[in-house]
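The values are calculated or read from the model by the stated rules, or taken from the named source; none is laboratory data. Everything numeric here is computed off the predicted structure, so don't read it as measured data. Please note: Cβ atoms are built from the backbone with ideal geometry, for glycine as well, and neighbour counts cover all protein chains shown.
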Amino acid sequence: MKYRGARIFLEALRCEGIDAVFGYPGGAVLHIYDEIGKCGTELGIKHYLVRHEQAALFAAAGYAQATGKTGVALVTSGPGGTNAVTGITNAFMDSLPIVVFTGQVPTHLIGMDAFQEADLTGMTRSCTKHNYLVKKVEDLAPIVKEAFYVANSGRPGPVLVDLPKDVTAAVTDFNYPEIVDVPSYKPQVYGDPKQIRRAVAAMMKAKRPVLYIGGGAITAGANEEVRLLAEKLNLPTTCTLMGLGGFPASHPLSLGMLGMHGGYWTNMAVNNSDLLISIGARFDDRVTGKLDEFAKDAKIIHVDIDPSNIGKNVKTDIPIVGDARTVTKQLLTELANQLEAGETIADKSEWHQQIADWKEQHPFWFHQDGDIIKPQYVIKELHRLTDGKAVVSADVGQHQMWTAQLYGFDNPRNWLNSGGLGAMGYGFPAGMGAAVARPGETCVAVVGDGGFQMTLMELATIKQYNIPIKVLVINNGFLGMVRQWQEQFYAHNYSQSDIAVQPDFVKLAQAYGVPAFRAEKVSEVTSTLQEALNTPGPALIEMKVAREENVFPIVPAGAALKDMILQ
Amino acid sequence: MRHTISLTVANEYGMLARVAGLFSARGYQIDSLCVAPLLNDELSRMTITTHGNDQIIEQIIKQLEKLVKVYEVHDLTKDAHVERQMVLLTVNAAMGEQRQEVLSLVEIFRAKVVDVSTDAFIIEMTGSAEKVEALIDLLKPIGIRDLVRTGTVAMTRVAAIKARQAKYDEEETFSELTLNEKV
């Protein structure tokens, strides 16, 4: 069948099983929008018109993070593409499978400083896993096929495909390739059996081990295997910010989150361990603190599909390159063999007792006294009212850390946030993407008053498509995390962090036609939350919270984990 | 320490920018660089000389391997290999003693005179980086008017390739294993 490029593009998306595209039209992609208007519905592809390209990328990221499926964004050339760059970088840092299609000026105008021209493949080379410029329509289908394959295999990441306007107008036969072969790209799936044996031997012998789970375990769908490994070896298990939900928070072996805002007991356990088993995590600086002081007595086993993560920040004793789920299965098999052969697992009762003592000494704390709402209380109530089962996206800042500490994620893919890039404005559109991806589930975007104002124009989008996302604005009138650092490390000099001049968020949502609720006193929190959660379709809840609450513990930037500030 | 890294990459638009961009984005240095197509002109070979401690070199190699259109990366420094650079020099060569002196250096270094004028030569020489340096040092007092020098190209010695392949075959066999579903 002969089609023009724009139709081939949509047919290719259909072949990839794509049902949602987040995008924004413009001159260079008008052929595509023409086809979306003509046959999008027939091809089963629903286009969501966002109100800013950055939100298209964040929504696609939320869609990907909540499902593991590839998110798709479509934007125009020039400013469309440059507005998308933050979202692309976010997906790159958090290893999210996204394919971004950008318009480009016609091939004969490329390099001529044409209207709305930008060198998008050039600009995004360092923030995409790979990118393509389609130079002729015959290449379009094979490139789209390859783009989806690269984006969602190995260590996933964003892939950009730049589509010149004449390519989408040109006509050719449509044949979607059945298989894709990129000889230069072969991610390693199986772990080296030699290293697997060494790892299991070390795990059986360890007296003070900690299992440390990152986002890679969720990407690989390894949560069941990870739970089995932890249970069979009786391993205290911590998750990174990106790994929350990779191991159930309510599990007796769970230590919660580690790192800069991790629990005291968690960081103490990691720092005093004799064996640290990392699965799908990358020893980020927010996790390790000062590297020289990090888990000094621990042997390190590092399982990662990306070899460049191994040995990048910490010296690894047992490196295992491979897919988190496959390698964990291999570890379980080897463990079963060892047990059958009569090998035994070292006793860890003292270690568990020690960790329990640490936890008793310094649990997470906050004081909910008086009428003023404490933000932590709101998160706890949200957990209670949603039974801990909601899909929760967070923006970036204090509310993000409180949610990470206190919501208690038991399931993977229920926690979405911008972990690596820390991009304010992520929470709301990401939650919107998640709500599109997982209809029928409770989806809540926990945002701060600062970050929300970076992408609040999407209220129009959720209204237009009746996307059932509940936006929970934790409003303290400050850029809270900035203020906290200024309080703790800059002698209370609150320079440019007071944002008390702000719209009435309830009226604002109502202006967009979105039902809105507000709580100003503790006594109103539960009923307001409940009412909003019961409202069908989108809703906004504003919580006026204590202005100067801090996130504890906090490991100051560059300090050792053991030097965390507790209050 | 100085390392010579050889990459086989897709011979396509933007490939050099991807590799060079990776170096600059991560703060690594490119000391010299050579690129040209291979026999199969869908592929190119890049030879990069760089420096850094073991950890940095390991990261450079791993990051290069991660690029989707990079086929192979080898640190040639580890194995026996041959390295060559080429240099073109415009050198003073006035009639008489000076001309003889330059010609004798050309002969000693097995270089070639590729252009002659009344008062200067263009000299071409191929050799290791050290040999090129040595020739430049000796010609400096005579007067180098212009100089152009390629980056290093390098190739692993045949015997070393065989040894590397044997080791590689041994390491790769495990990927064929099927998983025992005892879980």
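Structure above, values below:
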| quantity | calculated |
| --- | --- |
| Residue in the range B:137-153 that is surrounded by 13 or more Cβ atoms within 10 Å (Cβ to Cβ) and in a helix (DSSP H, G or I) present | yes |
| Long-range neighbours under 8 Å by Cβ, at least six apart or interchain, first residue more than 14 Å from A:LEU385 (Cα to Cα) and at pLDDT 95 or above within the range A:529-554, second of a type in the set (Val, Ile, Thr) and in a loop (DSSP other than H, G, I, E, B) | A:GLY537/A:ILE467; A:PRO538/A:ILE467; A:PRO538/A:VAL514; A:ALA539/A:VAL514; A:LEU540/A:VAL514; A:VAL545/A:ILE372; A:ALA546/A:ILE372 |
| Failed item in (1) within 18 Å of A:ARG198 (Cβ to Cβ); (2) outside any strand (DSSP E or B); (3) of a type in the set (Gly, Ala, Ser), with A:SER278 passing the rest | (2) |
| Output for the range A:17-46, where each listed residue is of a type in the set (D, E, K, R) and crowded, with 19+ Cβ neighbours inside 10 Å | A:GLU35 |
| Hits in the range A:275-309 (condition: farther than 26 Å from A:MET401 by Cβ and in contact with a Pro (Cβ under 7 Å, 6 or more places away or on another chain)) | A:LEU275, A:ILE305 |
| Count of the range A:215-225 residues which are under 24 Å from A:ALA91 (Cβ atoms) and part of a helix (DSSP H, G or I) | 6 |
| Residues that are assigned to a loop (DSSP other than H, G, I, E, B) and more than 28 Å from the chain's Cα centre (by Cα), drawn from the range A:503-525 | A:PRO503, A:ASP504, A:GLY513, A:GLU520, A:LYS521 |
| Hits in the range B:88-130 (condition: of a type in the set (Val, Ile, Thr) and not in a loop (DSSP other than H, G, I, E, B)) | B:THR90, B:VAL91, B:VAL102, B:VAL106, B:ILE108, B:VAL113, B:VAL114, B:VAL116, B:ILE122, B:ILE123, B:THR126 |
| Within the range A:364-403, considering residues that are in contact with an Asp or Glu (Cβ under 9 Å, 6 or more places away or on another chain) and among the basic types (Lys, Arg), the one farthest from A:LEU533 (Cα to Cα) | A:LYS374 |
| A:VAL391 vs. criteria at pLDDT 95 or above, under 30 Å from A:GLY154 (Cβ atoms), in contact with a helix residue (DSSP H, G or I) (Cβ under 8 Å, 6 or more places away or on another chain) and buried (at least 22 other Cβ atoms within 10 Å of the Cβ) | yes |
| Residue check for A:PRO183: within 14 Å of chain B (Cβ to nearest Cβ) and not basic (Lys, Arg) | yes |
| Considering residues of the range B:18-38 that are within 12 Å of chain A (Cβ to nearest Cβ) and surrounded by 17 or more Cβ atoms within 10 Å (Cβ to Cβ) only, the residue farthest from A:ASN131 (Cα to Cα) | B:PHE23 |
| Flag if B:ARG110 is surrounded by fewer than 16 Cβ atoms within 10 Å (Cβ to Cβ) and at pLDDT 95 or above | yes |
| Selected residue (criterion: nearest to the other protein chains (Cβ to nearest Cβ)) from residues of the range A:123-139 that are among the polar types (S, T, N, Q) and part of a loop (DSSP other than H, G, I, E, B) | A:SER126 |
| Tally, over the range A:147-181, of residues that are outside the structural domain of A:ILE18 (by TED's automatic domain parsing) and under 18 Å from B:LYS62 (Cα atoms) | 0 |
| Test: residue in the range A:371-390 that is under 29 Å from A:THR128 (Cβ atoms), over 13 Å from the mean Cα position of the chain (by Cα) and outside the structural domain of A:GLY280 (by TED's automatic domain parsing) | no |
| Residue count, the range A:331-373 (criterion: assigned to a loop (DSSP other than H, G, I, E, B), farther than 15 Å from A:LEU235 by Cβ and more than 14 Å from chain B (Cβ to nearest Cβ)) | 14 |
| So A:GLY558, is it farther than 19 Å from A:GLY480 by Cβ, in a loop (DSSP other than H, G, I, E, B) and not assigned by TED's automatic domain parsing to the domain that holds A:PHE452 | yes |
| Filter result for the condition that a residue is of a type outside the set (S, T, N, Q), under 17 Å from A:VAL161 (Cβ atoms) and in contact with a Gly (Cβ under 8 Å, 6 or more places away or on another chain), over A:PRO97, A:PRO106 | A:PRO97 |
| Scan of the range B:39-87 for residues that are away from chain A (no Cβ under 11 Å), in contact (Cβ under 8 Å) with a residue 12 or more places away in the chain, exposed (fewer than 14 other Cβ atoms within 10 Å of the Cβ) and not in a strand (DSSP E or B), ordered by number | B:ASP41, B:ASN53, B:ALA80 |
| Enumeration of residues in the range A:191-214 that are closer than 27 Å to A:MET93 by Cβ and either within 12 Å of chain B (Cβ to nearest Cβ) or surrounded by fewer than 24 Cβ atoms within 10 Å (Cβ to Cβ) (or both) | A:GLY191 |
| Boolean, A:ALA356 is touching a Lys or Arg at 6+ places or on another chain (Cβ under 7 Å), among the small types (Gly, Ala, Ser) and modelled with pLDDT of 95 or more | no |
| A:VAL226 at pLDDT 95 or above, within 14 Å of chain B (Cβ to nearest Cβ) and in contact with a strand residue (DSSP E or B) (Cβ under 7 Å, 6 or more places away or on another chain) | yes |
| Single unsatisfied condition, A:ASP369 versus (1) more than 20 Å from A:VAL514 (Cα to Cα); (2) touching a residue at least 24 places away in the same chain (Cβ under 8 Å) | (2) |
| Matching residues in the range A:288-307 - criterion: being within 14 Å of chain B (Cβ to nearest Cβ) and part of a strand (DSSP E or B) | A:HIS302, A:ASP304 |
| Any hit, the range A:107-122, residues being within 22 Å of A:MET242 (Cβ to Cβ), outside the structural domain of A:LEU421 (by TED's automatic domain parsing) and assigned to a loop (DSSP other than H, G, I, E, B) | no |
| Lone unmet requirement of (1) in a loop (DSSP other than H, G, I, E, B); (2) crowded, with 18+ Cβ neighbours inside 10 Å; (3) hydroxyl-bearing (Ser, Thr, Tyr) for A:THR328 | (1) |
| Wholly within the range A:1-66, strands (runs of 3 or more DSSP E) carrying at least 1 residues that are without any contact (Cβ under 8 Å) to a residue 60 or more places away in the chain and in contact with a His (Cβ under 6 Å, 6 or more places away or on another chain) | A:20-23 |
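So that you can scan it fast, the table gives a plain yes or no per residue for (1) within 14 Å of chain B (Cβ to nearest Cβ); (2) closer than 20 Å to A:TYR426 by Cα:
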site	(1), (2)
A:SER77	no, no
A:LEU96	no, yes
A:PRO106	no, no
A:LEU109	no, no
A:MET112	no, no
A:LEU120	yes, no
